[in-house]
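The values are calculated or read from the model by the stated rules, or taken from the named source; none is laboratory data. Predicted model only: the values in this text are computed from it and were never measured. Every residue, glycine as well, gets a Cβ built from its backbone with ideal geometry; the counts of neighbours run over all protein chains shown. Protein only, heavy atoms only, side chains kept; ligands, DNA and RNA dropped before computing areas. Shrake-Rupley method; radii C 1.70, N 1.55, O 1.52, S 1.80 Å.
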Amino acid sequence: MSKKEKDAPLEEEKAPQAAPAEEAAPEAPAGEEETFTLTREQMEKMEGLAGQLAAQNDKYLRLAAEYDNYRKRTAKEKESIYQDARLDTIERFLEVYDNLERAVSQPGDEDNAHKKGMAMIFQQLVSVLEKLGVTIVDPVGEAFDPERHEAVMHTDSEELGENVVSQVFQKGFLLGEKVIRFAKVQVAN
């Protein structure tokens, strides 16, 4: 006997036996769909469950949208608080800026070590303000802009045009496009 012949009976024993014809489920003929009949009670129950599912889905979508709005609102509030704190801090340093500017602009004694030191401190403050994004507004010769300038005096001048800033009494400051302090100016008529 060859090896194949010896193994053959073992393979037959391992092969699953087919189920008898009586136990096999009847198959629907090809092309026909299986139909089910439902009672009115079952239909109402299915409609009720579908309504509950739709309500829960709507509730979930509303909750997700509400959370997204909350997240955006808190991020915006956080940025606003940060900007307000920056503005308040910068505004406090403007008094120091004004005093240092007055000290540096005093005429005479240009070789004095104290005056040179003041000028260096003033330049350092200007540099810090620029790094913070502050723009210094010195509008001499520019058109008067009521959104950035505060007119404290008017003068008649033939040399300057109408509504032109002729003199700046106190410089203005901007942080981006937001005014920290309006420039106090004299306007020509």
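Residue pairs, Cβ under 7 Å, 6 or more apart or interchain, first in the range 80-97 and under 14 Å from Leu174 (Cα atoms) and among the basic types (Lys, Arg), second in a helix (DSSP H, G or I) and open to solvent by 60 Å² or more (accessible area, probe 1.4 Å). List them.
If the second residue must be in a helix (DSSP H, G or I) and open to solvent by 60 Å² or more (accessible area, probe 1.4 Å), no pairs are left.
For the range 39-92, give me the residue count where each residue is of a type in the set (Ser, Thr, Tyr) and within 30 Å of Thr135 (Cα to Cα).
Narrowing the range 39-92 to residues of a type in the set (Ser, Thr, Tyr): 39, 60, 67, 70, 74, 80, 82, 89.
Okay, now just the ones that are also within 30 Å of Thr135 (Cα to Cα), so 74, 80, 82, 89.
Counting residues in the range 39-92 that are of a type in the set (Ser, Thr, Tyr) and within 30 Å of Thr135 (Cα to Cα) gives 4.
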